1. Could you tell me how many of the residues in segment 307-342 are under 21 Å from P178 (Cα atoms) and among the β-branched types (V, I, T)?
2. Given (1) in contact (Cβ under 8 Å) with a residue 40 or more places away in the chain; (2) on the phi < 0 side of the Ramachandran plot, where does A228 come up short, assuming only one miss?
3. Pick out the one residue from A59, A48, A67 that is surrounded by 13 or more Cβ atoms within 10 Å (Cβ to Cβ) and out of contact with any Pro (no Cβ under 7 Å at 6 or more places or on another chain).
4. Could you list, ordered by first residue, the pairs with Cβ atoms under 6 Å in which the first is in segment 259-271 and over 14 Å from G232 (Cα atoms) and in contact (Cβ under 8 Å) with a residue 24 or more places away in the chain and the second is among the acidic types (D, E) and within 14 Å of the ligand (Cβ to nearest atom), at least 6 apart or interchain?
5. Return yes when R201 is in contact with a Phe, Trp or Tyr (Cβ under 8 Å, 6 or more places away or on another chain) and away from the ligand (no atom under 14 Å from the Cβ) and no when it is not.
6. Inside segment 304-344, can you point out the residues that are β-branched (V, I, T) and surrounded by fewer than 21 Cβ atoms within 10 Å (Cβ to Cβ)?
7. Does segment 32-49 contain any residue that is assigned by TED's automatic domain parsing to the domain that holds E15, within 60 Å of the chain's Cα centre (by Cα), touching a residue at least 40 places away in the same chain (Cβ under 8 Å) and over 16 Å from E14 (Cα atoms)?
8. Here are some conditions: (1) in contact (Cβ under 8 Å) with a residue 12 or more places away in the chain; (2) more than 21 Å from M179 (Cβ to Cβ); (3) assigned to a loop (DSSP other than H, G, I, E, B). F235 meets all but one. Which one does it not meet?
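The values are calculated or read from the model by the stated rules, or taken from the named source; none is laboratory data. Note that the structure is predicted; figures quoted are calculated from it, not measured. Glycine also receives a Cβ, built like all others from the backbone with ideal geometry; neighbour counts cover every protein chain displayed.
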Amino acid sequence: MLEQLKGLRAQALEELNKVGNPRELELWRVRYLGKKSNLTQILRSLAALPLEERREVGAQANEIKKALESSLEEKGRLLQESILTSPRESQRVDITLPGRALPTGRLHPTTQILKEICDIFKNMGFQVIEGPDVEWDYYNFEALNIPQHHPARDMFATFWIDTGMGEKARLLRTHSSPMQIRLMEKERPPIRAIVPGRVYRYEATDATHESMFYQVEGLAVDKGITLADLKGTLFDFCRCLFGEERRVRFRCDYFPFVEPGVEVAISCLACNGTGCRLCGHSGWIEILGAGMVHPDVLTRVDINPKLYSGFAFGMGVERIAMLRYGIDDIRLFYSNDLRFLRQF
Ligand code: PHE
């Protein structure tokens, strides 16, 4: 029986060594220390042994029991520790893996240029104001010296809004100039504001025409404002946006709501004025319309043209973005092609 006990101890300890998790440990405990284990059987059968033998075997068996119990406890503690310090395979973080790049959004090229334009004028002290896309005929035409049947209406192919009453009174604004009127109706001089926003033209689209695009309108009204102020403001603006070396040209143009009216061009960005395809071999690229606010317009909003004067200008934003980024087709802006948009 003593032999049997010795073998039992060796076997138990050897197996305990192989135990790798708490579940296996519990099985081991049942097998070697449980009620049905050999050791328990032996301890139970002690009473039947002769005294001498009982003493010896009893001492041995009890010692083995204690040894196994403390080994069990020790193993339990080791297992617990390893669970806490070594996370499971599935939870382990491999810090050598390359990172996964998150796709970043970007601002639309129109938005980027719009922001740049607004920032330049904000720095000059202009406030930024927005107005309605759906306008009255009065603001879009009438108050800007373009009455019914005036030939200048042909400059603007108009989307009319069906009011159900057969009259043409509401429209999608064809330019941002109606905000000149709304501003002057509401505020008294001094006024210095720019108006970014969408405008609409009922036109077939091609590489240089869209039925919806953005304009930025500018208006300054005060005592003693002259054409020189307009020139200074727009020269500065063009050089901020297109570079210090840009030359700026003013030429006569006609808009019913300004007098005199001017067209502003910059020296061609591609050929620097020597003439190329981009500028139609003229060396110049038109970028905006402007002029001194017409006295009749001032009178209509109750501002005395004998005391006050002002200048106004309007520019197409996509056209400027096309020049800046070298884009040759305006239809790319709103066709939502990500291959195009991701370049900005
Ligand atoms: N509103 C004009 C256009 O869309 C531009 C303009 C604005 C001209 C202000 C003069 C003064 O063509």
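1. Number satisfying all stated conditions: 1.
2. Condition (1) is where A228 drops out.
3. A67
4. Every condition considered, the pairs that remain are G261/D253; E263/D253; E263/E286.
5. no
6. I327, I330
7. Scanning segment 32-49, I find no residue that is assigned by TED's automatic domain parsing to the domain that holds E15, within 60 Å of the chain's Cα centre (by Cα), touching a residue at least 40 places away in the same chain (Cβ under 8 Å) and over 16 Å from E14 (Cα atoms), so the answer is no.
8. (3)
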